[in-house]
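Take a look at the structure set out below.
Each value in this text was obtained by applying a stated rule to the coordinates, not by laboratory testing. The model shown is predicted, which means the values in this text are computed figures rather than measured ones. Here the Cβ positions follow ideal geometry from the backbone for every residue, glycine too, while neighbour counts run over all protein chains shown.
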Amino acid sequence: MTELQTGKFYYAGSWMAPVGQDRLGVINPATEEQIAEIALGTEEDVNRAVASAVSAFESFSRTTRAERLELLRSVRAVYEKRYDEMAHVITSEMGAPIWLSKNAQALVGRGHMDGFLQALEHMEFEYTNLAGDLIVKEPIGVCGLITPWNWPINQIALKVLAALAAGCTMVLKPSELTPLSGLLYAEILDEAGVPPGVFNLVNGTGPEVGAALSKHPDITMMSFTGSTRAGRQISIDAAENIKRVALELGGKSPNILLDDCDVEAAVKQGARAVFWNTGQSCNAPTRMLVPAAIYEQAKEVAKATAEATEVGDPAVDGRHIGPLASDIQFEKVQALIQQGIDEGATLLAGGTGRPNGLNHGYYVRPTVFADVTNDMVIAQEEIFGPVLSMIPYTDEDDAVRIANDTPYGLAAYVQSGDPERAMAVGRRLRAGMVRLNGSDLTWGSPFGGYKMSGNGREGGEMGIEDFLETKCITRP
């Protein structure tokens, strides 16, 4: 892998020295050792990057669909060439096991591209409405993009590729915990021939660089993925200039097991989905709702699944889970596990502390709580670790009530031996994505949620539409 430009930012089509001298270490969460040091941006760095994007918007916004399709295909080809580099970077900076980085974390950068390409090929950017007026969909302007650390390239691809497809220019601030994948992505876009100023990157913290983007008068739209708290602040900052704000925030997704499901298969699949990526997925099915008739069996299967889940070095190939991404996340998850114990939930597996034999690194024990009530903190707060809460329910109506009794509405899951019954329950759930019997979203399907899980959708045609404005031109 080539040495990344960790001490510089990318704007105006070149790698530029930062204005200030502040630096931040990038920590490998498996070893707790520093693997790189990045420059931290200032408001002036943001101003320069935004000026570059403003300058490029006039020409790039006028590109044709065919030109943007050609550009995206070029990005895809370069990404494919550097695919293994991306997988290894993600493993080193956020701790995803290398098998997961290769088969999911890096894969999404290619998969989302395919969804956007298909959408862009079929979208209508101009049409005549029933009144005879011309409706034009055109790029919204210069966009500020802020992405998280848990699926770094997933969120970068969903925002950057949608903006490119729409004809927008942009400034990206990746998470300061996982900046290396963002720097590599900037190299990929540069090599693919993205015109100078169309894509720009400034590393830094949320309060400094993120706030400067949100408040900047020349930024027309903010697209953010992360915590609900940060999303609220971005909305406040953006309100001064009446920006469009698209938010993909937290979740506390229910997984309803109906009494006719295959209990062993449903519980194993549900628990593994929580432990996968060490629980660091906003759409993880962390609340398992189980009827009394199968509750005892479900507890046994969940306990056995947790105890069979191996934890180990992410650099070593194998189907184990790795560490949490940072010391801050480690301390948060430890505190919430202890909170669950203090609240009186039954600890079936795991608990506080590191797994046996792992004395350093931000590793945690796959944990299962039973006899959880939906008013407990561990049932309402997003833990973002490999922690499953099992909640009993009385009947189908009770399950739906519990499932919807959360401030979030990102994803929901239903397991049943009867597909029509699963569909009927799924229709009653207040969530942006409902997955029946182990199904998943396809590339191009809309990703996003209700309530405090955010607004707007990412992926495919709806993801591109978020970056478009609507113009109505009347005819005499």
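For ALA36, nonlocal amide neighbours, meaning residues 5 or more places apart or on other chains whose placed amide H falls under 5 Å from its own, are VAL26. Using a Cα-Cα cut-off of under 28 Å, which lysines could be cross-linked to LYS471, ignoring same-chain neighbours fewer than 8 residues away? Correct list for LYS471: LYS137, LYS159, LYS215, LYS243.
Looking at region 254-441 alone, DSSP beta bridges between its own residues are antiparallel in about 15 percent of cases. Fewest neighbouring Cβ atoms within 10 Å first, the residues HIS122, HIS88, HIS216, HIS112 line up as HIS122, HIS88, HIS216, HIS112.
From least to most packed, judged by other beta carbons within 10 angstrom and beginning with the fewest, VAL333, VAL171 follow the order VAL333, VAL171.
Using a cut-off of 27 Å between Cα atoms, the listed pairs LYS303/LYS451; LYS252/LYS299; LYS332/LYS451; LYS8/LYS451 include LYS303/LYS451; LYS8/LYS451 as exceeding that distance. Per-residue Cβ neighbour counts within 10 Å put SER14, SER326, SER55 in the sequence SER14, SER55, SER326, beginning with the fewest.
Sort region 249-315 into rounded, prolate or oblate with this rule: let a ≥ b ≥ c be the square roots of the eigenvalues of the Cα gyration tensor; rounded if a/c is under 1.5, and if a/c is not under 1.5, prolate when a/b is larger than b/c, oblate otherwise. Because a/c hits 1.5 or more and a/b fails to exceed b/c, region 249-315 counts as oblate.
Stokes-Einstein diffusion for region 276-350, with the hydrodynamic radius set to the Kirkwood value over Cα pairs and evaluated at 10 °C in a medium of 1.306 mPa s, equals 110 µm²/s. Candidates ASN154, LEU24, SER235 compared by Cα position along the dipole of the chain: farthest toward the positive end lies SER235, with charges placed on Cβ.
Couplings 3J(HN,Hα) of region 462-469, computed from phi: 5, x, 5, 4, 4, 9, 10, 9 Hz, in residue order, whole Hz [Karplus 6.51 cos²θ - 1.76 cosθ + 1.60, θ = phi - 60°; x for Gly and Pro]. Rounded to the nearest 20, the size of the Cβ-charge dipole of region 252-332 about its Cα centre is 260 debye, with Lys and Arg at +1 and Asp and Glu at -1.
Normalised by residue number, the volume inside the convex hull of the Cα atoms of region 106-153 is 111 Å³ per residue. Counting only DSSP beta bridges with both residues in the chain, the antiparallel share comes to about 45 percent.
Kirkwood analysis of the Cα pair distances in region 119-194 returns a hydrodynamic radius of 14.2 Å. Using equal-weight Cα scatterers in the Debye expression, the normalised intensity of the chain in log10 at q = 0.10, 0.12 Å⁻¹ is -0.74, -1.04. The orientation-averaged projection of the convex hull spanning the C-alpha atoms of region 254-441 amounts to 10.0 square nanometres.
Coupling constants for region 184-197 follow from the phi torsions by the Karplus curve (6.51 cos²θ - 1.76 cosθ + 1.60, θ = phi - 60°), and in residue order they are 5, 5, 4, 4, 4, 5, 5, 5, 6, x, 4, x, x, x Hz; glycine and proline get x. Annotation: for a label point projected 7 angstrom from Cα along Cα→Cβ of ARG229, residues of region 133-166 with backbone N closer than 17 Å are 148-150.
Is the shape of region 212-365 rounded, prolate or oblate, going by the alpha carbon gyration tensor and its root eigenvalues a ≥ b ≥ c, with a/c under 1.5 for rounded and a/b larger than b/c for prolate? Let's see the in-between values first.
On the way: a/c = 2.39, a/b = 1.65, b/c = 1.44.
It comes out prolate by the Cα gyration axes.
What you get for region 157-286, charging only the Cβ of Lys and Arg (+1) and of Asp and Glu (-1), is a dipole of about 340 debye around the Cα centre. In a simple Cβ point-charge model (Lys, Arg +1; Asp, Glu -1; nothing else charged), region 254-441 has a dipole of about 400 debye relative to its Cα centre.
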